[in-house]
Structures are given as C-alpha cells and as structure tokens.
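Remarks on the structure that follows.
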Amino acid sequence: MKLDNDRILAVDSLVKYYGAGENLVRAVDHTSLEIERGKFTVIVGRSGSGKSTLLHLIGGLDRPDEGKVWIEGKDIFALKDDRLAEFRRKKIGFVFQDFYLMDSLSVGENIMVPMILDKASPKEMREKMHALANRFGVEKLIEKSPRELSGGEKQRIAICRALINDPEIIMADEPTGNLDVKSSRRLMETFDDINKEMKKNIILVTHDP
Ligand code: ADP
Ligand code: MG
C-alpha cells in the first residue's frame, strides 16, 4: 500500500476473529481504509458489525490476527507492547460510551491520568487540565467525584482526558450511547469544534445514523 503525507492513518486488510470452529466470529474480515489528515470520519454500522473491534485495532488497543495499521507512516504493530502503549498515549485520545472515569479520583485527576502515566511535571499537568476544563465549560466540576456528574458532563471530562496529551487523533466509540438526545447533540457539536478549531482528526464509530 502506498503511503503519503495526506494520510494520517492507513489500514491494510485487517483481520480479527474470535472463537473457533462453529463458534468462529469474523469480527473484522480483511478491512482496509485510509483516512486523510484533518477529517472527521464517522463509521456507521449495525450493532455487532465489528465497529468496536475495528476501532480497538486501529487505535492499537488490541492486536489483529492479520493486517497492518500505519499511523503517520508508522507500522504500529511492529512496536512492542510498552512502546505501542506509549505511542498510543501520545498520538491518540480515546472516548468511550461508558466514559471509563475512575470514581476514586477527582474529576481533575481523571483528566490528568494520561499525563500521570507519562510522569509529566505536576505544574504542567495542572495547567493543561485547567485550560481544557475551561475550554469545555467544566472548570466548576474539577474537585468533584465523577459520581456526582451527569452523563453529558462525564463525557466532556472524558474528552478533556482524551485531549490532555495533545494527540493528533481522537477515537470515539459510540460516545453518545449513554446520553439523551440533547446531550448527544451538544456532544457532537463539541466533536465538530475539536475537529475544526483544534484541528484534530476524529474517527467516531456509531450504530446511530
Ligand atoms: P460492534 O461494536 O459493531 O457492535 P463488536 O466489534 O463489538 O461490534 O463485535 C463484533 C462481533 O465480534 C460480535 O459478533 C461480537 O459478539 C464479537 N465479539 C466482540 N468481542 C468479542 C470477544 N472478546 N470475544 C468473542 N466475541 C467477541
Ligand atoms: Mg461497539
């Protein structure tokens, strides 16, 4: 496959099967795609069609049975696990349907988790956390526990966390799946803003057209 600089991400013939024999599930079956820099890409498919599996593979959260993923020209599965994890933390921010916030940490600490893992300086972490919380209108929530937040607020916190290492790509798996219609619409506007104003590449999967 030819790679050029307009492509932030390229996927060549990815395969991920679960189970075996009669229980074999072809979750991702020779899928290829290329994504241009700067785009907001939405992958839509019915439940069970393999969207989450695909997103986990292209985000390096799981390894494929076959096939390759290049991010900015780098063959990500050629990296060993610890290097892949580091690459992922720097290049990709993830947002999930279930938020995955830690109740034992404050909202502000949740936002800083990716930087804590990279042993950044506390001062830098706090500055970035406050800047993002301000931008996304959640500054007032940073001392709270995630338990005290609405779904829409939780997802904005997850977005701040996804952005804190200033990644080039945001990957979102059914991010509006647990939100009401109004919060969903507002969240999609936020993603649009992250794409247009912050110039992030967005790859979002959903079953909801
Ligand atoms: P989607 O996100 O589009 O709903 P998934 O990627 O979650 O689809 O799942 C695709 C298929 O793979 C489904 O049939 C699902 O049951 C199966 N599957 C997903 N994860 C696993 C797993 N860890 N073990 C076995 N089967 C799985
Ligand atoms: Mg899914």
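A short reminder: the numbers here are calculations on the coordinates, not readings from a lab. Only a predicted model underlies this, so the values are computations on that prediction, with no experimental measurement involved. All Cβ positions, even for glycine, are placed from backbone atoms using ideal geometry, and neighbour counts span all protein chains on display.
So here's what we get for this one:
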quantity: Long-range neighbours under 8 Å by Cβ, at least six apart or interchain, first residue over 8 Å from Ile170 (Cα atoms) and without any contact (Cβ under 8 Å) to a residue 60 or more places away in the chain within region 194-208, second away from ligand 1 (no atom under 16 Å from the Cβ) and not charged (D, E, K, R); calculated: Ile194/Ile159; Ile194/Leu163; Ile194/Ile170; Ile194/Ile202; Met198/Leu163
quantity: Cross-chain or 6+ apart pairs with Cβ under 6 Å, region 99-121 first and in contact (Cβ under 8 Å) with a residue 24 or more places away in the chain, then among the small types (Gly, Ala, Ser); calculated: Phe99/Ala158
quantity: Identity of the residue in region 175-209, crowded, with 20+ Cβ neighbours inside 10 Å and within 16 Å of ligand 1 (Cβ to nearest atom), that ends up farthest from the chain's Cα centre (by Cα); calculated: Thr176
quantity: So Met171, is it within 16 Å of ligand 1 (Cβ to nearest atom) and either more than 30 Å from Ala10 (Cβ to Cβ) or not small (Gly, Ala, Ser) (or both); calculated: yes
quantity: Some residue of region 93-105 being more than 16 Å from ligand 2 (Cβ to nearest atom) and at positive phi; calculated: no
quantity: Test for Ser106: is it exposed (fewer than 14 other Cβ atoms within 10 Å of the Cβ) and not aromatic (Phe, Trp, Tyr); calculated: no
quantity: Selection status of Thr31, free of Cβ contacts under 8 Å to residues at least 40 places away in the same chain and within 18 Å of the chain's Cα centre (by Cα); calculated: no
